[in-house]
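The values are calculated or read from the model by the stated rules, or taken from the named source; none is laboratory data. Given the structure is predicted, the values throughout are model-derived calculations rather than measurements. Note that we place each Cβ from the backbone using ideal geometry, even for glycine, and neighbour counts take in every protein chain shown.
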Amino acid sequence: MKKRLTKREEEIMNIFWAKGELFVKELIPYFDEPKPHINTVSTIVRGLEEKGYVAHKAYGNSFQYYAAISESEYGKKSLKDIVTQYFKNSYLGAVSSLVEDEKISLEELRTLIEQIKK
């Protein structure tokens, strides 16, 4: 798994995570108007495969694609990338920022501390 995903790549991954295995043509109805051309979607899906985010099963000349990583795995990787890039690899710095911005409550912090103790 390499590189961060673009917004469109993330949109496609969200479809795979929600719907499971799909042929490229089956992805099209899930896009808002104006819908992208099937060739564009196919190119993006192949790029996702090169990056290690999706894999495929071959059925003759057709390929059915599926997520090669879970949404949870992607979330953890994204969080790690954000902490590395914006908080100098400090998870404490990230949590402190959430506390300062009042995005995490004292009760949530207590729950987190209890989880750590276990």
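Couple of notes before you dig in:
- Boolean, Glu102 is part of a helix (DSSP H, G or I) and of a type in the set (Asp, Glu): no
- Residue check for Glu11: closer than 14 Å to Ile69 by Cα and either more than 14 Å from the chain's Cα centre (by Cα) or part of a helix (DSSP H, G or I) (or both): no
- On the stretch given as region 43-67, residues that are buried (at least 17 other Cβ atoms within 10 Å of the Cβ), among the small types (Gly, Ala, Ser) and either in contact with a Lys or Arg (Cβ under 9 Å, 6 or more places away or on another chain) or within 10 Å of Phe16 (Cβ to Cβ) (or both) total 1.
- None of Arg110, Arg46 is among the charged types (D, E, K, R), assigned to a helix (DSSP H, G or I) and at pLDDT below 95 except Arg110.
- Residue match in region 23-38 (condition: of a type outside the set (A, V, I, L, M, F, W, C), on the phi > 0 side of the Ramachandran plot and not assigned by TED's automatic domain parsing to the domain that holds Ala94): no
- Residue match in region 72-79 (condition: touching a residue at least 12 places away in the same chain (Cβ under 8 Å), under 30 Å from Ile38 (Cα atoms), loosely packed, with under 12 Cβ neighbours inside 10 Å and polar (S, T, N, Q)): no
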